[in-house]
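The values are calculated or read from the model by the stated rules, or taken from the named source; none is laboratory data. Computed from a predicted model, the values in this text were never measured in an experiment. Note that we place each Cβ from the backbone using ideal geometry, even for glycine, and neighbour counts take in every protein chain shown. Each accessible area value is taken on the protein alone, full model and side chains, heavy atoms only, with ligands, DNA and RNA left out. Shrake-Rupley method; radii C 1.70, N 1.55, O 1.52, S 1.80 Å.
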Amino acid sequence: MKKLTTFALISMLGTNAIAHSSVDTTTPENGAAVAEVPSEISFNFADDIRLTKVNMIHQEAHTVTLDLGDQTSFGRAFALPLQSMGEGTYRIEWRGLGADGHAMQGGFTFTVD
Amino acid sequence: MPDIWGIGAILSKLMLYVGISGATGLLIIRAAFTDLVLPLGDMMRGQIAQLAGLALAGSVLGFTLRGAALTGGADGMTDPEMLGLLWQTPVGDVLVYRVVGTVLIVVGVFMPLVGQWIALAGGVIALWSFAQIGHVPEMEITGVRVLLLLHLLGVAFWIGILGPLHTLSQRPEYLNNAAMLGHRFGQAASVIVPALILAGLLMAWMLVGDMWALMTTGYGQTLLIKLALVGAVLMLATANKLRFVPAMQSGENKAAHHLVRSIEIEAVIILVVLAATATLTSVLTLPA
């Protein structure tokens, strides 16, 4: 009976988890190729969100946590300064809190060449 | 496959569900069938307090895990800024409901006379927390929140009978109590259980909306698994009501043994149903 429970619990976990995400637009756009490293990145959300963590991952190797500065209140538009790491792929991963208490997360990627 | 925080969220929800439904269920059974469960008085008191403690631990763990989801690391579980942020949202409100509810259960269960009503009120407050945030409350229809509360009270009633009936059926000297408890529960359940299932189906229909989403989305499929399992428990419960309990009433000791086995299987399936529900409410999003 223990085996049955364990099996059922594990099979239950094999479902798709989708975090609540409501990002509308980003600059640069997801998948964009740009000539120069942008001095800042921006997000626009469909609903109010409080950003809690934004990481930049360069070339899937170096991770830098971006400083949220004074953008630590609920809002829909955020712009954060970006530190240049040269050419290559930049992946931005963000986490935040919706006004209803939902944790939200998402990410976008752009290339500098 | 959910990440480690998703799995943590499901497990903390499961602790919460088992704890609150178990504790409140035992309180309802104790209030409804006082004379029949009298021999189990002290044991039930201990179980109710332990289940309320489990629910309290699950609530606090779930709250801190939401902090971790905000930073993406274990540091978020104790980050005062993250927990402070959560505290200001409805997530903080439901934590208050659950802490107050479970503490009232523990305090009430050890108080004489009026204590059982304080404990029951604690159980209802803790159950009402589920009508504050989540997919069903987000529909923002007061009637549906009440429907959810009634569904949960029905679930608690059903879960609450399992322990006392299991224990009484194993003691030959209380066979009459067990048979009468099974009989009277069966009478009440023949009204309450169909009502709770109907309420569940109505909420599911309001959330999912169409058959296609039910078949093709992770949410819909998990809901179907839950329904199939509920169907299995229902068959066992029907067998208990129609076969084993009447046999026990006519003094068959062997029937009590069958009932004990049946309740054990029922309990395991109900645990899986609660795990499916925890998955539905923690990591799966509603079909668009």
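Take region B:221-288, compute every pairwise Cα distance, and split them into 10 Å bins from 0; I just need the percent in each bin.
All Cα pairs, binned at 10 Å, distribute as 21, 38, 23, 14, 5, 1 percent.
Which whole-angstrom value gives the distance between the alpha carbon centres of region B:210-229 and region B:17-59?
If we compute the Cα centre of each part, the gap is 32 Å.
Which number gives the lysine pairs in the protein assembly as shown that have C-alpha atoms under 19 Å apart and are eight or more places apart or on different chains?
Taking the protein assembly as shown as the scope, the lysine pair count is 4.
State, as an integer percentage, the relative contact order of region A:21-112 based on alpha-carbon contacts under 8 Å between residues 6 or more apart. The partial results should precede the final answer.
On the way: 212 pairs, mean separation 33.8, N = 92.
Normalised by residue count, the contact order of region A:21-112 is 37 percent.
What spacing in nm lies between the two simple spin-label points modelled at B:Val107 and A:Val37, each 7 Å away from Cα in the Cβ direction?
The answer from the label model is 5.8 nm.
For helix B:253-282, report the angle its Cα long axis makes with the longest principal axis of the Cα atoms of chain B; keep it between 0 and 90° and round to the nearest 10°.
10
Give me the Kirkwood hydrodynamic radius of the protein assembly as shown in Å, from all C-alpha pairs, to one decimal place?
Taking the inverse mean of 1/r over all distinct Cα pairs, the protein assembly as shown comes out at 23.2 Å.
Mind checking the full-extension length gain between B:Thr238 and B:Ala121? Use 0.36 nm per residue of separation minus the Cα-Cα distance, one decimal, nm. Let's see the in-between values first.
Values: separation 117, 0.36 × 117 = 42.12 nm, distance 3.04 nm.
Here the answer is 39.1 nm.
Which value, in Å², gives the accessible area per residue of the protein assembly as shown when a 1.4 Å probe is used on the protein heavy atoms?
For the protein assembly as shown, the per-residue accessible area is 46 Å².
So how much slack lies between B:Met206 and B:Gln170, counting 0.36 nm per residue of separation and subtracting their Cα-Cα distance, in nm? List each step's numbers first, then the result.
On the way: separation 36, 0.36 × 36 = 12.96 nm, distance 4.25 nm.
Once the chain is fully extended between B:Met206 and B:Gln170, it gains 8.7 nm.
When the dipole is taken about the Cα centre of region A:21-112, and only Lys, Arg (+1) and Asp, Glu (-1) are charged at their Cβ, what size is it in debye, to the nearest 20? Let's see the in-between values first.
On the way: 5 positive and 12 negative charges, 39 e Å.
I would put it at about 180 debye.
Taking θ = phi - 60°, what integer Hz values does the Karplus form 6.51 cos²θ - 1.76 cosθ + 1.60 yield along region B:97-104, in sequence order, with x for Gly and Pro?
Per residue, the Karplus-derived 3J(HN,Hα) values read 3, 6, 5, 4, x, 5, 5, 4 Hz.
Can you tell me the 0 to 90 degree angle between the C-alpha axis of helix B:4-32 and the longest principal axis of chain B, rounded to 10?
40
Mind pulling the angle between the C-alpha long axis of helix B:218-239 and the longest principal axis of chain B? Nearest 10 degrees, somewhere in 0 to 90.
Tilt relative to chain B: about 10 degrees.
Would you mind giving the mean number of other chain beta-carbons within 10 Å of the Cβ of each residue in B:277-286, as a whole number? Working shown, then result.
Values: counts 1, 2, 6, 2, 0, 1, 6, 4, 7, 0.
Whole-number average of other-chain Cβ neighbours for B:277-286 is 3.
Of all the Cα-Cα pairs you can form in region A:21-112, what percent are over 18 Å apart?
Details: 1624 of 4186 pairs.
Here the tail beyond 18 Å accounts for 39 percent of pairs.
In region B:121-206, which GluC sites (Glu not before Pro) fall in coil by DSSP and have 14 or fewer other Cβ atoms within 10 Å?
Sparse-neighbourhood loop GluC sites (Glu not before Pro): B:Glu140.
Sticking with the crude label model, points 7 Å out along Cα→Cβ, report the distance from A:Gln83 to B:Leu286 in nm, one decimal please.
It is 4.2 nm.
FRET efficiency for A:Thr72 and B:Ala74, Cβ-Cβ distance as r, R0 = 22 Å, nearest 0.05?
0.55
Kindly provide the helix-only [θ] at 222 nm of chain B, computed as the sum of -39,500 (n - 2.57) over DSSP H runs of four or more divided by all residues, to the nearest 500 deg cm²/dmol?
Calculated at 222 nm, the ellipticity per residue is -27500 deg cm²/dmol.
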